[in-house]
1. Only one of Leu13, Leu5 is in contact with a strand residue (DSSP E or B) (Cβ under 9 Å, 6 or more places away or on another chain) and assigned to a strand (DSSP E or B); which?
2. Which pairs have Cβ atoms under 9 Å, sit 6 or more apart or on different chains, and link a residue in the range 14-36 that is without any contact (Cβ under 8 Å) to a residue 60 or more places away in the chain and under 20 Å from Lys3 (Cα atoms) to one that is outside any strand (DSSP E or B) and among the basic types (Lys, Arg)?
3. Look at the range 19-52 and say how many of its residues are over 30 Å from Lys8 (Cα atoms), surrounded by 11 or more Cβ atoms within 10 Å (Cβ to Cβ) and β-branched (Val, Ile, Thr).
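Each value in this text was obtained by applying a stated rule to the coordinates, not by laboratory testing. Please read all numbers here as calculations on a predicted model, not as lab measurements. When we count neighbours, we look across all protein chains shown, and the Cβ atoms used for this are built from the backbone with ideal geometry, even at glycine.
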Amino acid sequence: MRKSLSLKPREILAVRLEEDRVVLEPVPVEVYTEERMGEFPEASPATLEEISTFRKGCGLE
């Protein structure tokens with residue numbers, strides 16, 4: 001199915017109903033670099049401890 005829709009591996013799809021049909025659309029996803037992730041603590045109202053806990057929970061630390 002992915003091949004027939006020209007989808008790349010791991011590309012995420014949104015599914016929506018439009019009248020009597022199902023519509024699949026690729027969803028743009030940003031892959032964060034370490035540099036980009038370093039910007040988040042400065043822009044976030046969360047504490048560094050909260051951010052660290054979140055990163056550990058996501059397997060990023």
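1. On inspection, the qualifying residue turns out to be Leu13.
2. Pro26/Lys8; Val29/Arg10
3. 1
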